[in-house]
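Asks: Just passing along the structure, written as structure tokens.
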Amino acid sequence: MALIAYELYIQVYLAQKNYDKVFEYGEKSLTLDPDNFNVAVTLFRAAQEKGDHQKMFAVGGTVTAILARFKARPAPDGKDASTWEAEKSLVLDQLQDNINYVDSTLFSIAYQTQDPMARADLLERYAATFPDSQYANQALSMVVAAYQQANNVPKMIDAARKALAANPENPGILILLADHWSEQGQELDAAEQNARKAIEILSSMPRPEGITDEQWAQQKSLQTGLAWTAIGQTLIHRRRDAQAVEAFRTAAPLLKPAAVTYARNQYRLGFALINLKRLSEARVAFMEAASVESPYRALAQEKMKGLPAAPAKKYPPRKGA
């Protein structure tokens, strides 16, 4: 009878938009009946109406805990396991609309949060709350991007490792780690392995939904170029400059539409060529790096000052001279 009374209070206060009272009686109801899915969803709706995101995430955790306990519940005495699993499956099908509502609403709130650190926090909470969601892997990748935007490198790397553990076939995360480690001269074996694995995945990866064939071709080309330039940089650190030159030259046409990464690739190429004493080719690479607007323009121009001048072109003598 107390549960019935609490649910009546919840409905009355919800109609009055007295959300604090809704939460008060909702918590009392859940104390008596911790597995009351309908009350938990009602509290979630109330928190959404109030615009209380923290409360929504807290109640979202309550919803998933209720579902987890229900899924783990053993068959009652006298009922065989297969019949019980079929009954549970039927119940979950009936609850699916509300499950999807809570799941998708929290994901939407998390990724639409403007502050990158706050967005990362909510996305991490979402992924922990809904590990089996269709959005879980996407959320983990977005955590990495949020920390990258916030320029918090330690958290970005930690988040990238978690995202890769959840989905080892994510080319974007593989390339991000390869690019960072190769730039810093760290974990070079892992960086090269990640980059080569990303290239292999991209070669046969189907087009994601929501983008055109042309957009996918451009995205694959750029990501493949980033992987090759990361490989080249790991090879420079290992003093395998001839192989680095080949990697950078493979990357160059793929990166050309992206000015900054193209300039960086050509700048790196110039260094590899200097190490090989191929100075005229190095000058050309630095000129290409300086030809586009990027932070590498001034760096490339400075490097060219230290190279010997290009030899003047020789023309054959004119007849009759």
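The values are calculated or read from the model by the stated rules, or taken from the named source; none is laboratory data. As the structure is a prediction and not an experimental result, all values here were calculated from the model. Reconstructed Cβ throughout: ideal geometry from the backbone, glycine too, with neighbour counts over all protein chains shown. Protein only, heavy atoms only, side chains kept; ligands, DNA and RNA dropped before computing areas. Shrake-Rupley method; radii C 1.70, N 1.55, O 1.52, S 1.80 Å.
Asks: Have a look at ALA263, ALA259 and point out the one that is touching a residue at least 24 places away in the same chain (Cβ under 8 Å), in contact with a Ser or Thr (Cβ under 6 Å, 6 or more places away or on another chain), surrounded by fewer than 20 Cβ atoms within 10 Å (Cβ to Cβ) and of a type outside the set (Asp, Glu). Spell out the reasoning first.
Replies: Details: ALA263 fails: surrounded by fewer than 20 Cβ atoms within 10 Å (Cβ to Cβ).
Being touching a residue at least 24 places away in the same chain (Cβ under 8 Å), in contact with a Ser or Thr (Cβ under 6 Å, 6 or more places away or on another chain), surrounded by fewer than 20 Cβ atoms within 10 Å (Cβ to Cβ) and of a type outside the set (Asp, Glu) holds for just one of ALA263, ALA259, which is ALA259.
Asks: Scanning for something farther than 25 Å from ILE109 by Cα, loosely packed, with under 13 Cβ neighbours inside 10 Å and among the small types (Gly, Ala, Ser), does the stretch 7-30 turn up at least one residue?
Replies: no
Asks: Scan the stretch 161-181 residue by residue and report those that are modelled with pLDDT under 95 and small (Gly, Ala, Ser).
Replies: The answer is ALA163, ALA165, ALA166, GLY172.
Asks: I need every pair where a residue in the stretch 86-114 that is over 30 Å from ALA145 (Cα atoms) has its Cβ under 8 Å from the Cβ of a residue that is assigned to a loop (DSSP other than H, G, I, E, B), sequence separation at least 6 or different chains.
Replies: LYS88/ARG73
Asks: For the stretch 97-106, state whether one or more residues are hydrophobic (A, V, I, L, M, F, W, C) and open to solvent by 60 Å² or more (accessible area, probe 1.4 Å). Reasoning before the result, please.
Replies: We begin by selecting, within the stretch 97-106, every residue hydrophobic (A, V, I, L, M, F, W, C); these are 99, 102, 106.
Checking which are open to solvent by 60 Å² or more (accessible area, probe 1.4 Å) leaves us with none.
No.
Asks: If I go through the stretch 295-321 residue by residue, how many of them are modelled with pLDDT under 90 and in a loop (DSSP other than H, G, I, E, B)?
Replies: 16
Asks: Give the residue, chosen from ALA160, ALA195, ALA191, ALA166, that is small (Gly, Ala, Ser), under 18 Å from ALA139 (Cα atoms) and open to solvent by less than 30 Å² (accessible area, probe 1.4 Å). Walk me through it before giving the result.
Replies: On the way: ALA195 fails: under 18 Å from ALA139 (Cα atoms); ALA191 fails: under 18 Å from ALA139 (Cα atoms); ALA166 fails: open to solvent by less than 30 Å² (accessible area, probe 1.4 Å).
Answer to the selection: ALA160.
Asks: From (1) open to solvent by 40 Å² or more (accessible area, probe 1.4 Å); (2) in contact with an Asp or Glu (Cβ under 7 Å, 6 or more places away or on another chain); (3) modelled with pLDDT of 95 or more, pick out the condition that doesn't hold for ARG207.
Replies: (3)
Asks: Conditions first: (1) over 23 Å from the mean Cα position of the chain (by Cα); (2) crowded, with 24+ Cβ neighbours inside 10 Å. ALA251 passes all but one, so which condition is the exception?
Replies: With respect to (1) over 23 Å from the mean Cα position of the chain (by Cα); (2) crowded, with 24+ Cβ neighbours inside 10 Å, ALA251 is out only on (1).
Asks: I've got another one for you. Based on what the data block shows, is LEU226 at pLDDT 95 or above and open to solvent by 60 Å² or more (accessible area, probe 1.4 Å)? Spell out how you get there, then give the answer.
Replies: On the way: at pLDDT 95 or above: yes; open to solvent by 60 Å² or more (accessible area, probe 1.4 Å): no.
It is false that LEU226 is at pLDDT 95 or above and open to solvent by 60 Å² or more (accessible area, probe 1.4 Å).
Asks: Can you pull out every residue in the stretch 31-58 that is open to solvent by 40 Å² or more (accessible area, probe 1.4 Å) and under 20 Å from VAL91 (Cβ atoms)?
Replies: Initial filter on the stretch 31-58 (open to solvent by 40 Å² or more (accessible area, probe 1.4 Å)): 31-35, 38, 45, 48-55, 58.
Result: ASP33, PRO34, ASP35, ASN38.
Asks: Which of the residues spanning the stretch 73-87 are open to solvent by 80 Å² or more (accessible area, probe 1.4 Å), of a type in the set (Gly, Ala, Ser) and assigned to a helix (DSSP H, G or I)?
Replies: Answer for the stretch 73-87, where residues must be open to solvent by 80 Å² or more (accessible area, probe 1.4 Å), of a type in the set (Gly, Ala, Ser) and assigned to a helix (DSSP H, G or I): just SER82.
Asks: ALA251 - would you say it is in contact with a helix residue (DSSP H, G or I) (Cβ under 9 Å, 6 or more places away or on another chain) and more than 19 Å from LEU202 (Cα to Cα)?
Replies: Details: in contact with a helix residue (DSSP H, G or I) (Cβ under 9 Å, 6 or more places away or on another chain): yes; more than 19 Å from LEU202 (Cα to Cα): no.
Taking the combined requirement at face value, the residue does not satisfy it.
Asks: Taking the stretch 139-156 on its own, how many of its residues are of a type outside the set (Lys, Arg), open to solvent by 20 Å² or more (accessible area, probe 1.4 Å) and in contact (Cβ under 8 Å) with a residue 12 or more places away in the chain? Please lay out each step first, then the result.
Replies: In the first step, residues of the stretch 139-156 are kept if they are of a type outside the set (Lys, Arg); the result is 139-154, 156.
With open to solvent by 20 Å² or more (accessible area, probe 1.4 Å) added as a condition, the list becomes 140-142, 145, 148-154.
From the residues that got through so far, the ones that are in contact (Cβ under 8 Å) with a residue 12 or more places away in the chain too are 140-142, 148-150, 152-153.
Selection size over the stretch 139-156: 8.
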